[in-house]
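Read the structure below first, then the notes.
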Amino acid sequence: MADGSAIEWTDATWNPVTGCTKISRGCDNCYAERFAERFRGVAGHPFSNGFDLTLRPERLHQPLRWRRPRMIFVNSMSDLFHKNVPDAFIDQVFATMEEADWHVFQVLSKRSSLMRDYLRRRYQDDEPPAHIWCGVSVEDAQAKGRIEQLRATPAGIRFLSIEPLIGAIGPVNLQGIDWVIVGGESGPGARPVHLDWVREVRDQCIAQGVAFFFKQWGGTRPKSGGRELDGRQWSEFPTLQAASG
């Protein structure tokens, strides 16, 4: 767990699972894999097994020890809803999040159908906790099906991470979505993001009354191109009062 984060839209990260496998074009230049694989074989290092999927039960209760409220990005180095993460382990992660209700937890997945199905089972008889936000990654128009699955997911806040944006998204229905984050790719071989692609998403957020956060243009380094879009920074966050039903 990192108390502090370079990710502009969160305060801290918590990784009860690390490692993952690629499932779509947005994964091609995965920053987490690139970081983790640098330490494969280094004895005693947390990533000595590289980016292999690894459960970290010793980290399950870390947020309970943080008394100051934070926004916490859950599994910045993995996907909680990877098919090889047992439901029993996901249960423990959610139990911690439910108990630590002074934080806001941001759960982001590309496995949108698995997340939807799990949360429908977990909250079939209850309202989902307002402090647990659930989102999906959408890198281009081919991945827009994840939005429909998110819309059917019970969550306090539903959000989209359109990062890395590697192609035009096109028209998008944001009904039931509370927040949209957009960012260009960074790192070696970063694919360029086009101004018109970003504007298209921003303008649809404005028209549909959805909070819009522009994270970065990307490039060789995450902050290479800065964060300004049309002369200003866009750093909107959702409010619980605005959460969709």
Which of the residues belonging to region 86-100 are assigned to a helix (DSSP H, G or I) and not hydrophobic (A, V, I, L, M, F, W, C)? 87, 91, 92, 96, 98, 99
Among the residues of region 219-245, write down those that are at pLDDT 95 or above and either among the hydrophobic types (A, V, I, L, M, F, W, C) or part of a loop (DSSP other than H, G, I, E, B) (or both). 227, 229, 230, 231, 234, 236, 237, 238
Being assigned to a helix (DSSP H, G or I) and either under 30 Å from residue 184 (Cβ atoms) or among the charged types (D, E, K, R) (or both) narrows it down to one of 117, 52, 125, so name that one. 117
For residue 189, the lone unmet condition from (1) at pLDDT 95 or above; (2) surrounded by fewer than 21 Cβ atoms within 10 Å (Cβ to Cβ); (3) within 21 Å of residue 24 (Cα to Cα) is (1)
Please indicate, with yes or no, whether at least one residue in region 191-202 is part of a loop (DSSP other than H, G, I, E, B), closer than 23 Å to residue 105 by Cβ and touching a Phe, Trp or Tyr at 6+ places or on another chain (Cβ under 8 Å). no
State which residue is surrounded by the fewest Cβ atoms within 10 Å (Cβ to Cβ) when the search covers only region 12-29 and only residues that are assigned to a loop (DSSP other than H, G, I, E, B) and touching a helix residue (DSSP H, G or I) at 6+ places or on another chain (Cβ under 9 Å). 22
Quick check: is even one residue across region 194-210 touching a Lys or Arg at 6+ places or on another chain (Cβ under 7 Å), more than 17 Å from residue 24 (Cα to Cα) and modelled with pLDDT of 95 or more? no
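Kindly establish whether residue 80 is in contact with a Pro (Cβ under 9 Å, 6 or more places away or on another chain) and not small (Gly, Ala, Ser).
Working: in contact with a Pro (Cβ under 9 Å, 6 or more places away or on another chain): yes; not small (Gly, Ala, Ser): yes.
In short, yes.
Condition check ((1) buried (at least 16 other Cβ atoms within 10 Å of the Cβ); (2) touching a strand residue (DSSP E or B) at 6+ places or on another chain (Cβ under 6 Å)) across all residues:
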site: 71; (1), (2): yes, yes
site: 76; (1), (2): yes, yes
site: 82; (1), (2): yes, no
site: 86; (1), (2): no, no
site: 106; (1), (2): yes, yes
site: 124; (1), (2): no, no
site: 128; (1), (2): yes, no
Flagged in region 38-65 as of a type in the set (Phe, Trp, Tyr) and in contact with a His (Cβ under 7 Å, 6 or more places away or on another chain), in numbering order, are 39
Of all residues in region 101-114, which are closer than 21 Å to residue 145 by Cβ and either outside any loop (DSSP other than H, G, I, E, B) or β-branched (Val, Ile, Thr) (or both)? 107, 108, 109, 112, 113, 114
Based on what the data block shows, is residue 183 over 20 Å from the mean Cα position of the chain (by Cα) and farther than 22 Å from residue 131 by Cβ? no
Count - residues of region 130-148 that are touching a strand residue (DSSP E or B) at 6+ places or on another chain (Cβ under 9 Å) and assigned to a helix (DSSP H, G or I): 3
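Can you name the residue in region 149-186 that is part of a helix (DSSP H, G or I) and either touching a helix residue (DSSP H, G or I) at 6+ places or on another chain (Cβ under 8 Å) or among the polar types (S, T, N, Q) (or both) and, of all such residues, is surrounded by the fewest Cβ atoms within 10 Å (Cβ to Cβ)?
Pass one, region 149-186, residues part of a helix (DSSP H, G or I): 149-151.
Those left that are additionally either touching a helix residue (DSSP H, G or I) at 6+ places or on another chain (Cβ under 8 Å) or among the polar types (S, T, N, Q) (or both): 149-150.
Details: 149: 17, 150: 23.
The residue in question is 149.
The values are calculated or read from the model by the stated rules, or taken from the named source; none is laboratory data. Please read these numbers as outputs of a predicted model, since none were measured by experiment. Every residue, glycine as well, gets a Cβ built from its backbone with ideal geometry; the counts of neighbours run over all protein chains shown.
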